[in-house]
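The values are calculated or read from the model by the stated rules, or taken from the named source; none is laboratory data. Quick caveat: nothing in here was measured; it's all calculated off a predicted structure. Backbone-built Cβ (ideal geometry, glycine too); neighbour counts: all protein chains shown. For accessibility, only protein heavy atoms count, side chains too; no ligands or nucleic acids. Shrake-Rupley method; radii C 1.70, N 1.55, O 1.52, S 1.80 Å.
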Amino acid sequence: MKLFNTMTRQKEEFTSIKPGEVNMYVCGPTVYNFFHIGNARTFLVFDTVRRYFEYKGYKVNFVQNFTDIDDKMINKANEENITVKELGDKYIEEYYKDADGLNIERATKNPRATEFIDEIIDFVKDLINKGYAYEVDGDVYFNAKSFKEYGKLSGQNLEDLQLGARISIDERKKDPMDFAVWKSEKPGEPSWDSPWGKGRPGWHIECSCMAHKLLGETIDIHAGGADLVFPHHENEIAQSEARTGKAFANYWMHSAYLNINNKKMSKSLNNFFTAREIQEKYEPEVIRLFMLSAHYRTPLNFSEELLESAKASNERLYNAISNLESLVREVKTETLKEEEKEYINKLNSYKDKYIEKMDDDFNTADAIAVIFDLVKDINTNVTIDSSKALAEYSLALIRELGKPLGILQKSTICNLDDEIEALVEKRQQARKNKDWALSDKIRDELKEMGIILEDTPQGVRWKKID
Ligand code: AMP
Ligand code: ZN
């Protein structure tokens, strides 16, 4: 398996530290708002990377943090007149709702920065003792110059960086490139006791610390969106490697931006859609198809047209699934026919091709194209004259290749009761919103299906009439 390592700027063969296991750390969201569909791209990409490792038989220890203390958190909590802790609790809950909605597998651990304050303080103490960090009036800075390899991830040298930073010179720092690992308390901000007085951790040290604590000193893969290469990941490397003298991560992976009109979608530019808004219009599998139809290192423009086209693609794939599900019930022959054995080999060649594409730095775009070729072949060759075994094999193969991408896992066999329940629920919602027209429309729709509704003290009941 090959993956592109930002550190070496090339595709490299992947070897894990511990055979059969991958330790992976992904920088997660700052939990002061609903996440947008740009953030979702990064979460979906690394969820897919994780799923594919699992498909290949690895056990993946997947850690994705929540940044629950920083300026944005503090400002938003003040705006909402709640504590920073309450704000974090609220948006972590909302994060799970939206991430679950996108079929993102739950991380092995989702640490919160504020749960690691003692460990962060120990980390900072170590850096001071080793001469990499210094204190000024309750703030502690990491001295970038003291880490000889500073700039190695982003490929910049310290002199150029220093020139660029001259504008924002801060008298208290020894050098403009130095960055805070501990910030002294400002009035009204949450703070913790430390050897340097009350204060709170800097952003970069949180990730270094949680990755060390939960995954060890050297991890296999560290990942995040492309905007994190500099300064966030550069600074994480400086602190972590200064502390341990060992490589922090063996592979660095970065996903390209989701853009809108060719500009990065971001909260600060106010050009975003929340993942929740998009999920109201499109099913999770359609959103995943849209996101994964581009290679993760290629910028992707968000557009309704592309989502609509993903929707059509999804329908085409599900038509094949639906057809196979019917065939499994309808075909006459149970076991594989002699002449079908050769065809199974052909089907397996699509799987080989898919694995080849995914093994090549997670080329989901080409892997999806292989699924389409497979489906086209099945559509022509698996028919009512095929055996049940072949129809089942074909169906299982489509689902198997869809699983790492988080698509094609649903059944098209419709459960009428579920459909009715969903309509009843929709009508209840309409009534709550006093949308009587919609509520009446749904009642009529149900009536046509032979269902009548009864309002009871326990809620709405429905029954079938003949
Ligand atoms: P934040 O909540 O801003 O710290 O971002 C959480 C994650 O989303 C980080 O890994 C970012 O790099 C990533 N991210 C932010 N904006 C985008 C975007 N437009 N496209 C892709 N990833 C993004
Ligand atoms: Zn981070």
Item to check | Options ILE355, ILE321: the member that is free of Cβ contacts under 8 Å to residues at least 24 places away in the same chain, among the aliphatic types (A, V, I, L, M) and under 30 Å from VAL45 (Cα atoms) | outcome: ILE355
Item to check | Number of positions in region 43-57 that are away from ligand 2 (no atom under 16 Å from the Cβ) and closer than 17 Å to TYR251 by Cα | outcome: 6
Checklist entry - Any residue at all in region 21-42 that is more than 16 Å from ligand 2 (Cβ to nearest atom) and more than 19 Å from the chain's Cα centre (by Cα)? => result yes
Item to check | Some residue of region 145-155 being part of a helix (DSSP H, G or I), more than 33 Å from the chain's Cα centre (by Cα) and hydroxyl-bearing (Ser, Thr, Tyr) | outcome: yes
Next on the checklist: touching an Asp or Glu at 6+ places or on another chain (Cβ under 7 Å) and surrounded by 13 or more Cβ atoms within 10 Å (Cβ to Cβ): is that true of LEU390 in this structure?
Outcome noted: yes
Next on the checklist: Suppose we filter region 71-95 for residues that are open to solvent by 50 Å² or more (accessible area, probe 1.4 Å) and assigned to a helix (DSSP H, G or I); how many remain?
Outcome noted: 11
Checklist outcome for this item: Taking region 358-385 and keeping residues open to solvent by less than 50 Å² (accessible area, probe 1.4 Å), more than 15 Å from ILE407 (Cβ to Cβ), out of contact with any strand residue (DSSP E or B) (no Cβ under 9 Å at 6 or more places or on another chain) and in a helix (DSSP H, G or I) leaves ASP377, ILE378
Next on the checklist: With the structure loaded, tell me whether LYS341 is assigned to a helix (DSSP H, G or I) and open to solvent by 60 Å² or more (accessible area, probe 1.4 Å) or whether it fails that test.
Outcome noted: yes
Checklist outcome for this item: Scanning region 255-273 residue by residue, those assigned to a loop (DSSP other than H, G, I, E, B) and out of contact with any Asp or Glu (no Cβ under 8 Å at 6 or more places or on another chain) turn out to be ALA256, ASN261, ASN262, MET265, SER266, LYS267, SER268, LEU269, ASN270, ASN271, PHE272, PHE273
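Quick grid of which residues meet (1) open to solvent by less than 50 Å² (accessible area, probe 1.4 Å); (2) assigned to a helix (DSSP H, G or I):
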{"position": "SER208", "(1), (2)": "yes, yes"}
{"position": "LYS213", "(1), (2)": "no, yes"}
{"position": "GLY224", "(1), (2)": "yes, no"}
{"position": "HIS232", "(1), (2)": "yes, yes"}
{"position": "SER240", "(1), (2)": "yes, yes"}
{"position": "MET253", "(1), (2)": "yes, no"}
{"position": "GLN279", "(1), (2)": "yes, yes"}
{"position": "ARG288", "(1), (2)": "yes, yes"}
Checklist entry - Among the residues of region 6-27, how many are open to solvent by 20 Å² or more (accessible area, probe 1.4 Å) and within 16 Å of ligand 1 (Cβ to nearest atom)? => result 1
Checklist entry - When the residues of region 429-466 are filtered to those that are in a helix (DSSP H, G or I), touching a residue at least 12 places away in the same chain (Cβ under 8 Å) and open to solvent by 70 Å² or more (accessible area, probe 1.4 Å), which remaining residue is nearest to VAL286 (Cα to Cα)? => result GLU445
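Just to be sure before I move on: is LYS403 closer than 30 Å to GLU339 by Cβ, open to solvent by 70 Å² or more (accessible area, probe 1.4 Å) and not in a loop (DSSP other than H, G, I, E, B) in the structure I sent? Let's see the steps before the verdict.
Numbers: closer than 30 Å to GLU339 by Cβ: yes; open to solvent by 70 Å² or more (accessible area, probe 1.4 Å): yes; not in a loop (DSSP other than H, G, I, E, B): yes.
So LYS403 fits the description; yes.
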Checklist outcome for this item: Checked against (1) touching a Lys or Arg at 6+ places or on another chain (Cβ under 8 Å); (2) of a type in the set (A, V, I, L, M); (3) in contact (Cβ under 8 Å) with a residue 60 or more places away in the chain, LEU158 satisfies every condition except (3)
Item to check | Every pair of residues 6+ apart whose Cβ atoms lie under 7 Å, when the first sits in region 293-316 and is within 13 Å of LEU258 (Cβ to Cβ) while the second is open to solvent by 50 Å² or more (accessible area, probe 1.4 Å) and modelled with pLDDT under 95 | outcome: ASN301/ASN262
